[in-house]
Every structure is written in C-alpha cells, then in structure tokens.
C-alpha cells in the first residue's frame with residue numbers, strides 16, 4: 001500500500017463505477033451508504049433498488065476492480081449490497097402489501113371490485129392506495145369522482161415524481177389522468193410497461209397498508225412485469241358465473257402459479273352472481289347460471305371471497321363517482337365489506 005487511504009480517495013474512485021440502469025455513477029446517484037477503512041481493508045455498503053437484479057453483480061465486480069486499479073492491488077475490498085426497501089428508501093418502501101385484482105376477460109366488473117375493495121379496506125382503518133393499471137381502459141378516475149384532475153408533482157433526489165390524488169380516503173393514480181377521454185392509445189408492449197412502471201415507481205405513495213392494483217384483463221405484458229418486478233402479496237380473481245368466464249380466469253390464475261411467478265391466489269369474487277327484484281328481496285334469479293365459480297375455486301383450492309348480485313345501483317354509484325360501498329344503507333355494501341374482510345383473513349394466513 002503506497003499511501004494512507006482516505007474516504008475521499010475511495011469516493012473519488014467510486015465515481016468511475018457506473019450503474020447503467022440509471023446511466024450515472026454510484027456516487028452521484030447516492031447509492032453509497034457507508035465506507036469503512038481500516039488500513040488496507042475497505043468495506044463499502046451500496047444501496048440497490050433490488051438485490052436480485054443482475055446489475056448488482058456487475059456493480060459489485062466493478063467496485064472491486066476500480067478500487068484495486070486506483071488504490072493498489074494489495075487493498076482488500078468488501079462490498080455489502082443493501083436493498084432500498086431495507087433502508088426504508090425507494091418509491092414503494094412504505095407499501096406493506098400489494099394486492100392485484102385480475103380477470104381473465106374484460107366486462108366482468110374487475111374495476112368495480114377493485115374500487116370497492118380499496119374503499120372497504122380504508123373503512124377498516126387501513127391506509128390504502130389504488131393504481132389503475134388497465135392502460136387501455138382506465139375507469140378508476142370515473143369511479144372515484146376525480147375524472148379530469150391531475151396528480152401533483154414534487155422533486156425527489158433531483159427527479160420529478162407524481163403525488164397521487166385522494167378521494168374517499170384512498171390515494172389514486174391512473175393513466176386516465178394523462179390522456180383525453182376520446183384519445184385512442186396505440187402502444188406497443190414496451191411503452192405500456194414503461195407507463196406502468198412510472199405509475200408504480202415515480203410516485204410518492206407514502207406509507208400504505210395496502211396498494212390495490214386494478215389490472216388489465218388477460219395475461220399480457222403488465223401481468224408479467226408485475227409478477228417479475230414487484231413483491232405482490234396476493235391476487236384477487238374476478239369472474240362471472242358463466243363457464244366461458246371462469247375458463248378465462250383459470251388461465252389468468254395459472255399464470256401466477258408458474259414456478260417463476262408464484263404469487264398467492266387469495267380467492268375468487270363472483271360478480272353478477274344473481275338478480276334479485278326490488279319487490280322480491282328474498283328471490284334470486286341466477287341469470288348466468290351457477291356452480292362454475294365453486295367448481296373453479298375447488299380446482300384451485302382457494303375460497304370464494306364473495307358473490308356480488310346484479311344491481312342497477314352498483315353501476316349508477318360507480319358512474320357517479322361514489323362506489324356503492326359508501327352507501328351504508330345498501331345491502332350490497334355488506335357484500336363488499338365481507339369481501340374485504342375475507343381478503344384480510346386470507347392475507348393473515350400467508
């Protein structure tokens with residue numbers, strides 16, 4: 001060792017180590033958490049967004065090589081990778097549980113379930129956010145009565161981030177805030193993924209007990225991105241009683257049970273389960289049949305979290321920006337409360 005090594009020497013050398021994901025050096029990106037120097041032994045703690053990212057190994061090797069090149073081959077270098085979440089950093093570090101609401105096909109009421117579930121969890125005393133990831137058909141702004149509004153913007157570490165809107169006790173973000181109602185989105189998969197990741201990561205969600213994600217229908221790019229890049233606590237599957245609908249949701253469910261995408265299935269919600277006339281409150285007409293949801297639940301070994309009847313007031317309340325769960329006098333309100341409590345129960349089992 002040719003000279004006494006200082007913190008400045010190490011920091012200056014580390015400015016040549018590039019974190020390519022953010023196209024800058026690890027010093028300017030504030031990724032250096034701590035530097036310890038004892039003689040020619042150097043220990044460097046480095047903060048990464050995720051520890052299972054291949055870039056961790058690349059940066060690790062680059063740090064060791066750069067320090068030895070700059071300060072001498074006789075220097076012993078130890079690198080300690082730390083995740084942003086472990087340090088209480090990062091855009092989702094304050095989010096305890098992410099719940100994805102998914103469906104195999106459109107038109108089954110997935111967004112209605114997601115919106116009412118988010119508010120129901122909030123009414124149980126939880127801090128809740130909802131992310132509308134249905135890029136091609138964002139409906140959460142309408143359901144929460146914030147259509148036409150835009151989220152705020154603040155600066156975090158020199159970068160602009162979105163501040164979610166809030167209504168009915170829930171923090172809200174949606175691509176619908178950034179496009180005109182009559183604008184058709186013709187995006188390729190990479191563009192959709194970038195938009196989804198921006199809503200997730202470039203946002204100030206703060207401390208949340210639950211972040212509910214209203215997913216697009218099917219098994220496309222966003223579903224893969226969500227499963228591979230984020231820590232999902234569980235999924236809620238939404239279907240209608242028809243066999244064709246349960247067949248579609250079965251495919252969506254099996255996607256999350258692949259070896260590399262194993263995410264807990266919390267249970268099924270059957271929407272449009274039956275119709276009860278106002279003048280015959282004890283009568284149930286199973287317009288779309290019955291039994292297919294229970295059959296699928298048995299096949300997947302998951303519970304039916306609740307059954308939502310067909311009701312004009314459910315549609316009217318959602319279109320009016322006040323989801324039915326906010327109407328304490330409606331019988332259906334108890335159904336959504338039951339679904340929320342069952343979701344909490346299933347999460348406690350994990």
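The values are calculated or read from the model by the stated rules, or taken from the named source; none is laboratory data. Note that this is a predicted model, so its numbers are computed, not measured. Neighbour counts run over all protein chains shown; Cβ positions are idealised from the backbone, glycine included.
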Review point. Quick one: how many residues across the range 68-94 are at pLDDT 90 or above and not in a loop (DSSP other than H, G, I, E, B)?
Key: 11
Study note, to complete from the structure: Per the filter on the range 109-127, residues in contact (Cβ under 8 Å) with a residue 60 or more places away in the chain and either surrounded by fewer than 24 Cβ atoms within 10 Å (Cβ to Cβ) or not assigned by TED's automatic domain parsing to the domain that holds residue 238 (or both) are 109, 123, 124, 126, 127
Review point. On the given criteria, is residue 333 under 24 Å from residue 166 (Cα atoms), out of contact with any helix residue (DSSP H, G or I) (no Cβ under 7 Å at 6 or more places or on another chain) and surrounded by 16 or more Cβ atoms within 10 Å (Cβ to Cβ)?
Key: no
Practice item. Kindly provide the set of residues from the range 29-50 that are surrounded by fewer than 13 Cβ atoms within 10 Å (Cβ to Cβ) and under 24 Å from residue 202 (Cβ atoms), ordered by number. Key: 30
Exercise for review: Please go through the range 146-180 and pick out each residue that is outside any loop (DSSP other than H, G, I, E, B), without any contact (Cβ under 8 Å) to a residue 24 or more places away in the chain and under 24 Å from residue 30 (Cβ atoms).
Suggested key: 152, 153, 155
Point to revise | Selection status of residue 22, out of contact with any helix residue (DSSP H, G or I) (no Cβ under 6 Å at 6 or more places or on another chain) and assigned to a helix (DSSP H, G or I) | key: no
Check your understanding: For the range 317-330, what are the residues that are over 23 Å from the mean Cα position of the chain (by Cα), touching a residue at least 12 places away in the same chain (Cβ under 8 Å) and either under 22 Å from residue 267 (Cβ atoms) or assigned to a helix (DSSP H, G or I) (or both)?
Key -> 319, 324, 326
Check your understanding: Hey, does the range 185-204 have a residue that's at pLDDT 90 or above, in contact with a helix residue (DSSP H, G or I) (Cβ under 7 Å, 6 or more places away or on another chain) and surrounded by 18 or more Cβ atoms within 10 Å (Cβ to Cβ)?
Key -> no
Check your understanding: Looking at the range 256-282, which of its residues are touching a strand residue (DSSP E or B) at 6+ places or on another chain (Cβ under 9 Å) and closer than 23 Å to residue 210 by Cα?
Key -> 256, 257, 263, 264, 265, 266, 267, 268, 269, 270, 271
Exercise for review: Return yes or no: is residue 299 modelled with pLDDT under 95 and under 25 Å from residue 350 (Cα atoms)?
Suggested key: yes
Review point. Just wondering, is there one or more residues in the range 97-104 that are surrounded by fewer than 22 Cβ atoms within 10 Å (Cβ to Cβ) and either in contact with a helix residue (DSSP H, G or I) (Cβ under 7 Å, 6 or more places away or on another chain) or within 16 Å of residue 211 (Cα to Cα) (or both)?
Key: yes
**Study point:** Within the range 140-162, tally of residues that are in contact with a strand residue (DSSP E or B) (Cβ under 8 Å, 6 or more places away or on another chain) and over 12 Å from residue 179 (Cα atoms)
**Key:** 12
Check your understanding: Based on what the data block shows, is residue 296 assigned to a helix (DSSP H, G or I), touching a residue at least 40 places away in the same chain (Cβ under 8 Å), closer than 16 Å to residue 245 by Cβ and out of contact with any strand residue (DSSP E or B) (no Cβ under 6 Å at 6 or more places or on another chain)?
Key -> yes
